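Computed from the coordinates by the stated procedures, all read-outs in this text should not be read as laboratory data. Predicted model, so just to flag it, every value in this text is computed and none were measured. We place every Cβ from the backbone using ideal geometry, glycine too, and count neighbours over all the protein chains shown.
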Amino acid sequence: MSEPRPTPSNPRTGDSADPGRYPLAHPLRVRWAEADMQGVVFNAHYLAWFDIGITEYLRMLADGDEQWLTETFDRLYVVKSTLEYRSPARFDDALEICVRCIRVGRTSLEVGFAIRRDGAVLVSGSNVYVHTVDTRPAPVPDELRRRIERLEGRPDS
């Protein structure tokens, strides 16, 4: 499997299958433990894959700054997840976890995901993350906003 690869980004155009909407496409191969006896991926695994996606997205934003990465992870909490299932993934499928920032609000950000096989979207969805300080909502740091903007342009605010 290859390393995650950036994809061209324009978050305001195309549909969820448009690779240009996602600045990150992270490779993943479906493992035996993720599939049922018919070889179909159990639905809860897609949320775990979204988590892998946000990890790689933030790692890309960190650009090697481990302290920034750790501090950012320590302050973001998922408060809402939505998924739309279109077609099942199966054991041993080569997939891509595609990630983009949809919106940056005052204390939260919404991150969009698409799980693709051969360019076709199998599952799409989003997570809303709240930025916190001492477990209380706090403004999204300017540095996080700048890094997202550098990577993707300006997501809706």
Amide proton proximity set for G105, modelled H, under 5 Å, gap of 5+: E110
Karplus (6.51, -1.76, 1.60) ³J(HN,Hα), θ = phi - 60°, over the stretch 79-88, in Hz, Gly and Pro reported as x: 10, 7, 10, 10, 9, 10, 8, 10, 7, x
Between helix 44-62 and the chain: long-axis angle, C-alpha atoms, 0 to 90°, nearest 10: 40
Evaluated at q = 0.08, 0.11, 0.12, 0.17 Å⁻¹: base-10 log I(q)/I(0), Debye formula over Cα of the chain: -0.22, -0.42, -0.50, -0.98
Burial order of peptide ranges 23-29, 45-51 (average beta-carbon count within 10 Å, highest first): 23-29, 45-51
Within the chain: Cβ-based charge dipole about Cα centre, in debye rounded to nearest 20 (Lys, Arg +1; Asp, Glu -1): 400
Residue order, fewest to most beta carbons within 10 Å, for S126, S81: S81, S126
